[in-house]
Amino acid sequence: MPGRIFLLFLSVVVTVVIADKAFCISSLTSRPEADTATAPKLGVIALSVASTNASDTSLYIKSKLKQRNLEPALEDTLDDCSKNYLDAVAQLDDSLAALLANAYIDVDIWLNTAISDGEACEDALSERAGNDAELARRNTNFLKLCKDALLINTILTP
């Protein structure tokens, strides 16, 4: 019951702050434990979902880089995004450790750094001739997930 109340509260906040409420709610409720989760547990779930997304995206980029005869511009973009995602995964791990220690300011710092990594990948995708639509979609989702986790952390911060 407390989890449902917090999800309702979060839904109201998300409606006001985040344009893509359905994405936020569906990402949180993709984990069965969200139904009964307390507010801090929803923070853990949000970080876990973002971390899984970042890891999956990193693997996607690695598989693309293994392809032969990549266009040089696309290869450069993938190289940059690969580095960004390796950093982002580590920063999300640090965010989770900080959240478990109730170090909300540290969570904010690490999440904002992970968001910067996603934005750097987004810039590389949009500024170069080498673009990958699937990576762009994954990156957009990653940024949404990180921003959702950041919003939950803001709510948790005393």
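The values are calculated or read from the model by the stated rules, or taken from the named source; none is laboratory data. As the structure is a computational prediction, the values presented were derived from the model and not from experiment. Cβ sites come from the backbone with ideal geometry, for glycine too, and all protein chains shown count toward neighbours. Note: accessible area is taken over every heavy atom of the protein model, side chains too, but ligands, DNA and RNA are not part of it. Shrake-Rupley method; radii C 1.70, N 1.55, O 1.52, S 1.80 Å.
With respect to the chain, whose longest principal axis is taken over its alpha-carbon atoms, helix 133-156 is tilted by about 30°. Rounded, prolate or oblate for segment 78-158? Axes are the square roots of the Cα gyration tensor eigenvalues, ordered a ≥ b ≥ c, and the cut-off for rounded is a/c under 1.5. Prolate is the answer for segment 78-158, as a/c is 1.5 or above and a/b outweighs b/c. Probing with 1.4 Å while keeping every protein chain in the model, the per residue accessible area of the chain equals 51 Å².
Here's the picture: a label point sits 7 Å out from the Cα of residue 136 along the beta-carbon direction, and within segment 75-113 the residues with their amide nitrogen under 16 Å of it are 75, 77-78, 81. Near the amide H of residue 37, within less than 5 Å, lie the amide hydrogens of 3, all on another chain or at least 5 residues away, with H placed in the peptide plane.
Among 54, 65, 42, whose Cα lies farthest out toward the positive end of the dipole of the chain, if unit charges sit on the beta carbon of Lys, Arg (+1) and Asp, Glu (-1)? The one lying farthest along the dipole's positive direction is 42.
The modelled label-to-label distance between residue 90 and residue 128, using points 7 Å beyond Cα along the C-beta direction, is 2.0 nm. Enter the angle in degrees (range 0 to 90, nearest 10) between the Cα long axis of helix 2-17 and the first principal axis of the Cα atoms of the chain, meaning the one along which they spread out most. Rounded to the nearest ten degrees, it is 60.
Every helix of 4 or more DSSP H residues in the chain counts as -39500 (n - 2.57), and over all residues that averages to -28500 deg cm²/dmol at 222 nm.
For residue 62, a cut-off of 28 angstrom between C-alpha atoms picks up these lysines, skipping any fewer than 8 places away in its own chain: 83, 144, 147. What angle do you read, to the nearest 10 degrees and between 0 and 90, between the alpha-carbon axis of helix 72-100 and the longest principal axis of the chain? Around 20 degrees separate the two axes.
The radius of gyration of the Cα set in the chain, together with its Dmax, comes out at 16.3, 54 angstrom.
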